[in-house]
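Shown next, in structure tokens, is the structure this report addresses.
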Amino acid sequence: MVSAMPEQLAGRFSIATLNTWGIHLLGSRLAGRYTAIGTEFEAGRADVVCFQEVFTYWHLRLLARRMPSFRHVSYRSSVLGPAGGLVTFSQLPVSGTDYQGLGTPPAAPGISRLIRSAARRKGALVTRLAHPGLCVVNTHPMANWDGDWSRTNRFYPLHRAQLATLTRIVRSIGVPAVVCGDFNVDRDSSLFAEFIAETGLADAFEGKCPPTFRAEYLPEGNVPHCIDFILTTSGIRAESAGLLLTGQVALPGGPGYASDHIGLYANLLLAPP
């Protein structure tokens, strides 16, 4: 695990995050969507981009072809593709990469073996940047298909266990860090509040980010929530933050959304230690 403190830490740094898969495979125009996603970030403002749900090496190649300026690509290899579907693209040099799983979730009523098996494949990808000397943590805990993050929901023990593991990962880093990803946890839930309290992380959007999952892809009557985040440790302050890929993009066969998630970006200021 990366743990050495940087000799000097000062400057500005921009980061973005997006869950890329999202939409159901059938009729999803996936190659066209990945082309649009890669093109957006290649022309954009971020120095580092955290992607989730990049499940195969084919998906990875689609992005890499459209993002040639991001010469440093971090992930851990698995049989089919990047472990946990996590990939971090960087225009800045990378000095180290570490992937840690979020562990086996506890057995709970209503959580099948299939769900627990899928949860075991979730993790956190830690990428150390050579300069300015910080870590970027890209993560994607298990989805909650009920849209209910209360303590009585069947997914609550699973999410609590995964966030506890993520907390230990963040605490162990030892250098300033940015934690990004699709957390699959509602910003207004007790789960998220406890995670923030235990890690001391700050929200780049200061709790003002709108729902990041598109209402168009929810069952009728369901309310969208903010479940994607850019969070920072002490020593890093968000100067500004905003949304990416909010509208439809040009795709083969006509306009469509690049993902069922909205992308986030933040311009960060790093203070000397």
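The values are calculated or read from the model by the stated rules, or taken from the named source; none is laboratory data. What you are looking at is a predicted structure, and each value in this text was computed from that prediction instead of being measured. Cβ atoms come from the backbone with ideal geometry, glycine included; neighbour counts cover every protein chain shown. Note: accessible area is taken over every heavy atom of the protein model, side chains too, but ligands, DNA and RNA are not part of it. Shrake-Rupley method; radii C 1.70, N 1.55, O 1.52, S 1.80 Å.
Before moving on, here are some points about what is shown:
- Whichever residue in region 182-201 is free of Cβ contacts under 8 Å to residues at least 40 places away in the same chain and open to solvent by 50 Å² or more (accessible area, probe 1.4 Å) and, among such residues, is farthest from residue 145 (Cα to Cα): 200
- In region 71-90, the residues that are closer than 13 Å to residue 123 by Cα form Cβ pairs under 6 Å with partners that are of a type in the set (Asp, Glu), at six or more places apart or across chains, as follows: 85/53.
Here is a yes/no grid of residues against (1) surrounded by 15 or more Cβ atoms within 10 Å (Cβ to Cβ); (2) at pLDDT below 95; (3) over 16 Å from residue 92 (Cα atoms):
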| site | (1), (2), (3) |
| --- | --- |
| 11 | no, yes, no |
| 16 | yes, no, no |
| 22 | yes, yes, yes |
| 50 | yes, no, no |
| 55 | yes, yes, yes |
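- Residue match in region 110-131 (condition: under 15 Å from the mean Cα position of the chain (by Cα), among the hydrophobic types (A, V, I, L, M, F, W, C) and open to solvent by 10 Å² or more (accessible area, probe 1.4 Å)): no
- Condition broken by residue 68, with the remaining ones in (1) closer than 23 Å to residue 166 by Cα; (2) assigned to a loop (DSSP other than H, G, I, E, B); (3) at pLDDT 95 or above; (4) out of contact with any Leu (no Cβ under 9 Å at 6 or more places or on another chain) satisfied: (1)
- Under the condition of being in contact with a strand residue (DSSP E or B) (Cβ under 7 Å, 6 or more places away or on another chain) and open to solvent by less than 20 Å² (accessible area, probe 1.4 Å), the residues counted in region 216-243 number 8.
- Among the residues of region 149-191, those that are in a loop (DSSP other than H, G, I, E, B) and either over 21 Å from residue 117 (Cα atoms) or hydroxyl-bearing (Ser, Thr, Tyr) (or both) comprise 150, 151, 152, 173, 174, 175, 176, 186, 187, 188, 189.
- Some residue of region 63-86 being within 12 Å of residue 48 (Cα to Cα) and touching a Lys or Arg at 6+ places or on another chain (Cβ under 7 Å): no
- Test: residue 211 is outside any strand (DSSP E or B), at pLDDT 95 or above and of a type outside the set (S, T, N, Q): yes
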